[in-house]
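Right, one structure below, let's go through it.
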Amino acid sequence: MTPGLLAKLISGEGAALLASLPPYDEAESFVLGERLRREGFDPELVAAALTQSRLRARGERKFGRAARDLLFTPDGLEQATRRQVARLHARRLAGSGARVVHDLGCGIGADARAFADSGLRVAAVDADEVTACIADYNLRPWPHARAEHELAERVRLPGRREAPDAAVWLDPARRTPGVADITGRTRRTFRLDELVPAWDFVCAAGAQVAAAGVKLSPSLAHGQVPPGTQAQWTSYDGEVVECVLWWNAAAWDVGRSALVVSDQFAYEVLERDAEDAGSQTARLDRLHGYLYEADRAVIRAGLSGALVRRVDGVELDTGVGIVSSPRDVVVPWAKKYVVTDAMPFNLKALRSWTRDHRIGRLTIKKKGASVDPDGLRRQLRLKGSAEATILVTRIGGAQAVLMLVPAP
Ligand SMILES: C[S@@+](CC[C@H](N)C(=O)[O-])C[C@H]1O[C@@H](n2cnc3c(N)ncnc32)[C@H](O)[C@@H]1O
């Protein structure tokens, strides 16, 4: 979309057209487009409005009903922080004493909206003219928040002493413009030296301003975390979505941490929670009654020791995040199972087990084991009406199978 077409879409005839569209229906979209063109609407405007309608429908996954009033670009929507997580970014910066946030590379403004909504003044910029204009549109409910077309590197950032209430937020693009992946989307990069704005600029900005947050890929290696920052791996509904580096006043607990988020809760697990967890691992012949599986953000942050401590158990293998314990404990950031049986991994023995228990439907989880769940399921030739869940994993250096029942 060109800036000119966007301007048409958000004013006069374009805005009325967009507001008049029915809820998006892929099957109806072609016919609707034809009808609107027949009625005399500019074909370019019709295409742009229908694209927004499609993106708004897709955007509801991240923004709920609010998506119906937002504008998007396809890349902007994909890179946007979901509402529940953006809210936590805002809470962290506001809780660090910030009153104004410089959002450098704001995309369509998902984080910026959360900052504005929590009362922070927002000065956002984006290098892409259309994206910046869309962010400004998406910020219109908050008069204290604006987005402009500008390069992050050209924004003058205040130092810590000069503006103790200032914060900077950076969510550098992890896409390579003009390079498509096999699905036709812009290729994603996981390398720090391919970020835009550049990694050196990002680190300098983070260190300079009184409070700072930088959103990065969750694949960030522990060795890449800059000293003095807090690295926070975040999961939403079990999927690890980001690693944020917090600097200065926003680094509440320097070191690694995990933030486990759902619609109902947000739990933080810190490095000190994992201290003195011991390095004992489990033995197949001495497995306890309960098995706890840490949330993936906790595992990415390298904090499965926190689970070992919390349930007073032993890990199946170092760093896998699965802990055996005799204790029945509530851990909101871990799944809990009762272990009903366990055996060394052996196809024949497993087939007999499924036959004896009349298992017709089998959920196969795997952790650190080299099995193909679909292939294994076929080889087991399941027959029966019962269901079961098994975990194929490594215990004491050998593959093992644990039979599990999810515990409340
Ligand atoms: C990952 S997106 C930001 C998403 C945003 N946090 C959100 O939740 O909607 C990164 C944005 O940075 C912008 N960008 C890349 N390099 C930039 C630069 N040097 N200055 C300003 N913006 C830049 C891109 O155009 C892109 O829109």
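Within region 47-90, the only residue that satisfies the criterion of being farther than 23 Å from LEU36 by Cβ, more than 12 Å from the ligand (Cβ to nearest atom), free of Cβ contacts under 8 Å to residues at least 60 places away in the same chain and among the aliphatic types (A, V, I, L, M) is ALA66.
So that you can scan it fast, the table gives a plain yes or no per residue for (1) within 21 Å of GLU242 (Cα to Cα); (2) without any contact (Cβ under 8 Å) to a residue 12 or more places away in the chain; (3) polar (S, T, N, Q):
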residue: TYR292; (1), (2), (3): no, no, no
residue: ALA297; (1), (2), (3): yes, no, no
residue: ARG300; (1), (2), (3): yes, no, no
residue: VAL330; (1), (2), (3): no, yes, no
residue: ALA342; (1), (2), (3): no, no, no
residue: ARG355; (1), (2), (3): no, no, no
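Scan region 363-377 and give yes if some residue there is part of a strand (DSSP E or B) and either more than 15 Å from GLU293 (Cβ to Cβ) or not basic (Lys, Arg) (or both), otherwise no. Yes, the conditions are met somewhere in region 363-377.
Suppose the filter is assigned to a helix (DSSP H, G or I), within 12 Å of the ligand (Cβ to nearest atom) and assigned by TED's automatic domain parsing to the domain that holds ALA16; does PHE115 pass it? Here the answer is no, as PHE115 does not meet what is asked.
Scanning region 91-112 for residues that are away from the ligand (no atom under 12 Å from the Cβ), within 22 Å of the chain's Cα centre (by Cα) and part of a strand (DSSP E or B) gives no hits. Does region 65-75 include one or more residues that are in a loop (DSSP other than H, G, I, E, B), surrounded by 13 or more Cβ atoms within 10 Å (Cβ to Cβ) and aromatic (Phe, Trp, Tyr)? Yes, the conditions are met somewhere in region 65-75. With respect to the conditions (1) surrounded by 13 or more Cβ atoms within 10 Å (Cβ to Cβ); (2) at pLDDT below 95; (3) of a type in the set (Gly, Ala, Ser); (4) out of contact with any helix residue (DSSP H, G or I) (no Cβ under 9 Å at 6 or more places or on another chain), ALA207 lacks only one, and its number is (2).
May I ask you to verify whether ALA90 is in contact with a strand residue (DSSP E or B) (Cβ under 6 Å, 6 or more places away or on another chain) and not acidic (Asp, Glu)? Criteria not met by ALA90. So in region 196-222, with the set limited to residues that are in contact (Cβ under 8 Å) with a residue 60 or more places away in the chain and in a loop (DSSP other than H, G, I, E, B), which one is nearest to the ligand (Cβ to nearest atom)? It comes out as PRO197. Only one of the numbered conditions (1) surrounded by 14 or more Cβ atoms within 10 Å (Cβ to Cβ); (2) assigned to a loop (DSSP other than H, G, I, E, B); (3) not aromatic (Phe, Trp, Tyr) is violated by LYS383, and that is (1).
Comparison of ASP253, ASP273, ASP285 shows that the only residue that is outside any strand (DSSP E or B), out of contact with any Ser or Thr (no Cβ under 8 Å at 6 or more places or on another chain), of a type in the set (Asp, Glu) and crowded, with 17+ Cβ neighbours inside 10 Å is ASP273. In the set (1) surrounded by 21 or more Cβ atoms within 10 Å (Cβ to Cβ); (2) β-branched (Val, Ile, Thr); (3) in contact (Cβ under 8 Å) with a residue 60 or more places away in the chain, the condition left unmet by VAL405 is number (1).
For every residue, the table says whether it meets (1) in the same structural domain as ILE108 (by TED's automatic domain parsing); (2) surrounded by 10 or more Cβ atoms within 10 Å (Cβ to Cβ); (3) more than 22 Å from LEU139 (Cβ to Cβ).
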position: ILE10; (1), (2), (3): no, yes, no
position: GLU13; (1), (2), (3): no, yes, yes
position: LEU18; (1), (2), (3): no, yes, no
position: LEU21; (1), (2), (3): no, yes, yes
position: ALA27; (1), (2), (3): no, no, yes
position: ARG35; (1), (2), (3): no, yes, yes
position: ARG38; (1), (2), (3): no, no, yes
position: PHE41; (1), (2), (3): no, yes, yes
position: LEU50; (1), (2), (3): no, yes, yes
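The values are calculated or read from the model by the stated rules, or taken from the named source; none is laboratory data. This is a predicted model, so every value here is computed, not measured. Ideal geometry is used to build each Cβ from the backbone, glycine not excepted, and the neighbour counts take in all protein chains shown.
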